[in-house]
Amino acid sequence: MKEQTSNPVGKSVPRVDAFEKVTGAAKYVDDMAFGPTLLYGKIVHSPVAHALIKKIDASKALALPGVKAVVTGQDSPTLLGLYLKDRYIYAYDRVRYVGESVAGVVAISEEIAEQAAKLVEVEYELLPPVFDPYEGAKPDAPLLHPDLGKYEVVNFIFPEPGTNVSEHFRLRKGRVSDAGVSDEVWAQCATIVEDQYTLPQIQHAPIETHIAVAQWNPDGQVTLWAASQSPFAQRDLLAQSLGIPHGNMRVISPYIGGGFGGKAGISIEANVVLMAKAVPGHPVKVRMTREEEFVATNVRQSLVAKYKIGCDKDGNLLAMDLAYYFGGGAYNDYGVNIARAAGYSCTGPYDVPNVKGDSYCVYTNHPIGSAMRGFGMPEIHWGLEQIMDRLAEAIGMDAADFKRQNCVRQGDTILTGMTMPNVDLPQCIDKVKEAIGWGRVSKPSAPHKRRGKGLAIMWKAPAMPPNPGSSAIVRFNEDATLNVYVSGQEIGQGAFTVAAQMAAEALGIPYEWVRVSANPVDTKYSPYEWQTVASRLTWSMGNAVKAAAEHARGQILDIVAKYWGEDPADLDIKNGVVISYKSEREQSLKKMVVYGLPNENFEGWQGGPIVGSGKFMPTYVTGLDPNTGQGARAVVHYTVGAQAVDLEVDTDTGQIEVLKIASAYDVGKAINPDLVMTQIEGGAVHGLSSAFEGMFFDAQGRLRNPSFVDYKLATSLDAPREIHGDIVETPLEDGPWGARGVGEHVMVQTAPAIANALYNALGVRFNHLPLSAEKVYLATHEGEELTCKA
Amino acid sequence: MRPFDYYRPETFEEAFRLLTLPDKRVMPLAGATDLIPMVRDEHWQPDVVVDVKGLPGMCDVVEMPEGLIVGAAVRMVELMHHPLVNSPRWNLLAQAAAAMGNEQVRNRATLGGNLCTASPAADSAPALLTLEAKAVIRGAAGERRVPITEFFLGPRKTALQKGELLIGVLIPAPPVGAVGTYVKLSRRKAGDLAIVGVAALAYPHDGGHVWCLALGAVAPTPIRASEAEAALNAGHDEATIEHATKCAFDACCPIDDIRASAEYRKAMVSRIARRAIEGVLAKLP
Amino acid sequence: MLHEMSLNINGETYPVVVKSHDTLVRVLREQLGLTGTKVGCGNGECGACTVLFDGAPVNSCMVLAVEAQGHRIETVEGLSQGGDLHPLQKAFVEHNAVQCGFCTSGMLMSAKALLERNSHPTEQEVREALVGNLCRCTGYIRIVDAVLDVAEAGS
């Protein structure tokens, strides 16, 4: 304890988890030891995209020496899901994507489990598949979920039984009807852009694949160790689905090797629990291979988006007519809320008087579309932020000025009828313009190269139920070091570090005195946290930590006040010492925070071990009208930001080199500015990488690139050398010290910023992700004769 | 991973005994960077793998009167830095080795493995084609040498017979003054497979230059672009270069795959060939 | 087929019995408990399992354990000596070059090998040396800065 950082909020203190991680000591699920009774599970995946299951014969697998059990959907036909309970843990009567879990094999070794999985014989009767969400939403499309009307669903999601639409969000604002924006409004537009943009499914590709270990004891106690962003949500879903009392269901989650949303909600964990149920008392481990990770866990949804947007001659946006068809994949238990989020934020960060928006989540026979960093926002901004540039160009305005003129500002009545909370998007735009040298043309590095700059802005609200809660506990030790108990997961974003900073700040003790006791998060001992998603931890968990620390602080001040015979209001804690502003007395926290303080002449004692608890739950979010999407408060808040890209294109090959990305986000208050910067940098490269990523399926729905050989992530050479970040701090009313989240936002608009820069360089628009050198080349060399002799 | 047995023979006699074990699927192992993923994914199901790295000469680079003999188990990283390979004569091979994979892969992957996998996109192949190398093949019956052009029969098909081993490559010294360039186009800047790879080599002859040009990833096997070479042998003014790149374009017959369409590959052949040619021209005195 | 042999890891000799098809990373993690080396793809594409093999970075998922006999293996656990962090580890901490931590061990090993063969790399050389180590969190910039910082400090 050499260094003493008092008042650490706002300071770039070092990460609490860094030492463990650089020494290889940090434990992830696969690093935990489970002893000699450990068994290994392997999931049998469907090889077909859409089929009825006629028969499953596991006899050959069971006959293999070393095989302990085979479980199938017949064993436990229970439905599972976060917002919409639409999937069986193991396929029951039909499969809906290549990769779906059909059976689980448990054996004494990984090799035997793998071998046995191949011996499970499944007879399928093929059904016509649906791959395109727009086609799939049509009334005559083959139906994937005939029972959609029977599934249990939360009250803010609106499936359309008898179709493949699992969620339909309607937004109606101004002079619009279900038929569209009024013709009179369109007539006022000086220019209108109408176009379609699409994105393929992409994968989170955390470096750690999904892994889970489960043990079902004969006494009914069930334990799951999982690489999970959502230990409590998983406990709840498993308990509900499998009829386990919540108190008997325990989820333990240590460090996780990257999440990005892929480890939110529930994926393979229930499958492993059912395997464990078949071999009572034995832990069963399932570690997904990279190939399985691609097809059989979660992916980002695809999107077909149709836009019609108009503005007047002065560049004022007048109308938007938007239709978003999310390719939700085979099961939309989480994905429905992505379409909903895209619906209530469908305009992007713009103030538009007339809006008709329809956002659909559509079942397709592809992998399960689920939460991914940005949660619908990267998808809708891809087209929106290009169309804004096109409108600006059409009326002869600078694109950045156009965006600045139309962007949301504090006090605006935004699309849902909600009043826009305090954020400063214009300042973000100004910052990135300056950082990128907006309007200045740079010289290319070679005659066959072109330079271009592009800019895009974004908004995103935490997308979640109205009332997700956080709680925290702080507990003092004899030497006044403090343990902070939270269940927000450290997925790399620095959650533990900011929790420690906030606890120290609120209590008045040095940062170095705080230990975060959240590794692993253990639902048996850790305080409740909904999920590590939605960029909500700094804000929501932070509020809980602050409340817990203040609770503890209040107890301490009461004790000392009694001991001194003073008013607690005159006391404070500074740098770990209680002081009185009135009497100028001082009292160290050491020992007293556990043993209390003796009364004068040792006539009894004050106090006792200090334990503070705190909670936070937003209580003000209202429902929205299902026909119009209107309501008083659609979301808790929005984080906004701007990004600009400077790139160079090789016109001979189409290769794109992003030279610089500049970002600015309004985070309310940077609890740890350098950690905010690491989010900005990492997010920019994630966004850049995602613009070149795509899952490519064949006509049977089989993934053609299920490995890093052909699903390429950006490497150290592909990442830009220069990543600039500006932090804007417009305090959030109910954020701890004014903070709001920024973890997801940092990648939302990178792809359209790149597309806008490409247009600036080449004069060519790209409507369909992923980008590639090939696409750029072919688009800029149309009509080239490419018939060769050989 | 499906279990197999591992042996590391130190004599060829023992190696050939193992390679011809009755009723066993036997595969040689060098750098393992292809073998392990192929076994893991069950494309290959060997019962026995024979590590060839202990066999005499397999890891050696030796200069002989007829040229450079590079053992089949010499790793890419060694090709990059070996004083003989990375000399003016054979430096093209060092360039190709450097273009392959990433650091971790180059520290394991071997020249023999790169060739025996017989991927049309193998980075070392175009270089060896232009250097007119010969595959040195040894079997129980003895040794034979096969021009590298005849070594590749198709994707993942080579001239190796059952029980035979590629033990090395003989690379004749190109004439004095030869310079070469390998240019590779891939999706990512490094650590990726070639969409197109072009090796070009030229040396002074009779007051002019003789050119060798080879193309990777644009046909079922790596190929020589002989018409392009003939064109360049006549001179290298802009019109000739343009014509030569057209010849290279005409020599290829790529396919669509996940990495690129045939269309894009075709378009890129002439562009990458031009870069390779210009790279050579820049080095010519 | 079993092989009774010894492995030299971080300067220590470990007697082990391995199966022919056991990869080096499996033996490191499951037999020896050296779990700092991670498995990210099992395919030689992500670099999370990077260890040094006679000083050179290799993917330990692409090496059979039996091949490692007689060679010098270094893992992340061997980096810090006598309780002191290796300069690279210190720099990774100081630069916030760590987020989820899953690629960190492999990154450190690749960086160590680079600085051992080239004590003054350029930014380009650092980036080239790390191409085989995928990171999904950081955007690489802090990692590159950390390595360059150590190189500079060593001059």
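The values are calculated or read from the model by the stated rules, or taken from the named source; none is laboratory data. Note that the coordinates shown come from a computational prediction; the quantities given were computed from them, not determined experimentally. Cβ: placed from backbone, ideal geometry, glycine included. Neighbour counts: every protein chain shown. Remember, those area values only see protein heavy atoms, side chains included, never the ligands or the DNA or RNA. Shrake-Rupley method; radii C 1.70, N 1.55, O 1.52, S 1.80 Å.
Along its principal axes, chain B has C-alpha extents of 59, 44, 31 angstrom, given from the largest down.
Sorted largest first, the principal axis extents computed over the alpha-carbon atoms of the range A:318-384 equal 38, 20, 17 Å. Distant-in-sequence amide contacts of B:Val210, defined by a placed amide H-H separation under 5 Å and a gap of 5 or more residues or a different chain, comprise B:Tyr203, B:His205. Size check on the range A:198-244: the Cα extents along the three principal axes, sorted descending, read 50, 22, 14 Å.
Expressed in Å, the radius of gyration and Dmax of the Cα atoms of the range A:559-707 are 28.8, 90.
Taking only protein heavy atoms and a 1.4 Å probe, what accessible area per residue, in Å², does the range B:85-237 have with all protein chains in place? Intermediate values should be presented prior to the final figure.
Numbers: 5120 Å² over 153 residues.
That works out to 33 Å² per residue.
Two tests apply to each whole DSSP H helix in chain A, Cα reach of 30 Å or more along its axis and mean Kyte-Doolittle hydropathy of at least -1.0, and the ones passing both are A:542-564.
Spin-label pair A:Asp183-C:Gln69: with each label point 7 Å from Cα along the Cα-Cβ axis, the two points sit 8.6 nm from one another.
Using a probe radius of 1.4 angstrom, the carbon and sulfur fraction of the accessible surface of the protein assembly as shown is 50%.
Rounded to the nearest 20, the size of the Cβ-charge dipole of chain B about its Cα centre is 520 debye, with Lys and Arg at +1 and Asp and Glu at -1. The distance separating the Cα centre of the range B:1-60 from that of the range A:418-492 comes to 52 Å.
Local charge sum around A:Thr730 (other residues, Cβ-Cβ under 14 Å, Lys/Arg +1, Asp/Glu -1)? After counting each charged neighbour, the total is -3.
In order along the range B:210-215, the Karplus-derived 3J(HN,Hα) couplings, from 6.51 cos²θ - 1.76 cosθ + 1.60 at θ = phi - 60°, round to 9, 10, 10, 9, 10, 10 Hz, and Gly and Pro are given as x.
Tell me, what is the FRET efficiency for A:Thr628 and A:Glu125 to the nearest 0.05, using R0 = 45 angstrom and their Cβ-Cβ distance as r?
That pair, A:Thr628 with A:Glu125, gives E of 0.55.
Shielding by partners for peptide A:10-20, expressed as the average number of C-beta atoms from other protein chains within 10 Å of each residue's C-beta, is 3. Within the range B:20-68, the residues that become at least 30 Å² less accessible when every protein chain is included than when their own chain is isolated (1.4 Å probe; DNA, RNA and ligands ignored) are B:Ile36, B:Pro37, B:Arg40, B:Glu42.
Find the centroid of the Cα atoms in the range A:319-397 and in the range A:239-277, then give the distance between the two in whole Å. One Cα centre to the other: 30 Å.
Report the FRET efficiency, 1/(1 + (r/R0)^6), for B:Asp60 and A:Asn575, where r is their Cβ-Cβ distance and R0 is 51 Å, rounded to 0.05. According to the calculation, E is roughly 0.15. Taking every residue in A:703-713 and counting other chain Cβ atoms within 10 Å of its Cβ, the average works out to 5. So which of A:Lys433/B:Lys266; A:Lys55/C:Lys19; A:Lys85/A:Lys306; A:Lys789/B:Lys184; B:Lys134/C:Lys38 end up more than 32 Å apart, counting from Cα to Cα? Long pairs (Cα-Cα over 32 Å): A:Lys433/B:Lys266; A:Lys55/C:Lys19; B:Lys134/C:Lys38. Entry for the range A:1-145 at q = 0.21 Å⁻¹: log10 I(q)/I(0) = -1.26, Debye formula applied to identical alpha-carbon scatterers, no solvent contribution.
Dividing the alpha-carbon radius of gyration of chain C by 2.2 N^0.38 Å (N being the number of residues), what value is obtained? Walk me through the intermediate numbers first.
Numbers: Rg = 15.3 Å, N = 155, 2.2 N^0.38 = 15.0 Å.
Rounded to two decimals, the normalised Rg is 1.02.
The value obtained for the protein assembly as shown, namely the Cα convex hull volume divided by the number of residues, is 185 Å³ per residue.
Given their separation in residues at 0.36 nm each and the Cα-Cα distance between them, A:Asn248 and A:Glu733 gain 170.7 nm when the chain is fully extended.
Counting every Cα pair in the range B:61-171, what percent are over 26 Å apart? It would help to have the intermediate numbers written out before the result.
On the way: 654 of 6105 pairs.
Tail fraction, whole percent: 11.
Which whole-number value in Å² is the accessible area per residue of chain A, probe 1.4 Å? All intermediate terms of the calculation are to be shown ahead of the outcome.
Numbers: 25560 Å² over 790 residues.
Accessible area per residue, chain A: 32 Å².
Ranking C:Gly40, C:Ser80, C:Asn8 by how far each Cα lies toward the positive end of the dipole of chain C (charges on Cβ) leaves C:Gly40 at the top. Taking only the alpha-carbon positions of the range C:2-78 and ignoring solvent, what does the Debye formula give for the base-10 log of I(q)/I(0) at q = 0.11, 0.27 Å⁻¹? For the requested q values the scattering log ratios are -0.22, -1.46. The DSSP beta bridges internal to chain B are antiparallel in roughly 85% of cases. Listed cross-link partners A:Lys308/A:Lys449; A:Lys431/A:Lys460; A:Lys263/A:Lys356; A:Lys42/A:Lys138; A:Lys150/A:Lys615; A:Lys263/A:Lys775 are compared with a 30 Å cut-off, the Cα-Cα value being larger for A:Lys308/A:Lys449; A:Lys263/A:Lys356; A:Lys42/A:Lys138; A:Lys150/A:Lys615; A:Lys263/A:Lys775.
Over every pair of different alpha-carbon atoms in the range C:87-153, take the mean of 1/r and invert it; report that Kirkwood radius in Å.
Numbers: mean 1/r = 0.0875 Å⁻¹.
In the range C:87-153 this quantity evaluates to 11.4 Å.
The value of relative contact order for chain A, using C-alpha pairs under 8 Å at least six residues apart, is 16 percent. Lysines near A:Lys54 by alpha-carbon distance under 20 Å, same-chain residues fewer than 8 away left out - which ones? Straight-distance partners of A:Lys54: A:Lys118.
In the range A:581-641, the ratio of gyration radius to Kirkwood radius, Rg to Rh, stands at 1.42 when only Cα atoms are counted.
Take the accessible area of C alone and of A alone, subtract that of the pair with a 1.4 Å probe, and the total buried over both chains is about 4100 Å². For B:Val210 and B:Glu10, the difference between the fully extended length at 0.36 nm per residue and the C-alpha to C-alpha distance is 67.8 nm. Sequence-distant contacts, meaning Cα pairs under 8 Å at least 6 residues apart, place the relative contact order of chain B at 15 percent. Counts of other chain beta carbons within 10 angstrom of each beta carbon in peptide A:106-119 average 1. For A:Glu784 and A:Ala699, the FRET efficiency from 1/(1 + (r/R0)^6), where r spans their Cβ atoms and R0 equals 30 Å, is about 0.60. Express in whole angstrom the spacing between the alpha-carbon centres of the range B:225-254 and the range C:80-155. Their Cα centres are 45 Å away from one another. Each stretch of four or more DSSP H residues adds -39500 (n - 2.57); spread over every residue of chain A, this sum gives -7000 deg cm²/dmol at 222 nm.
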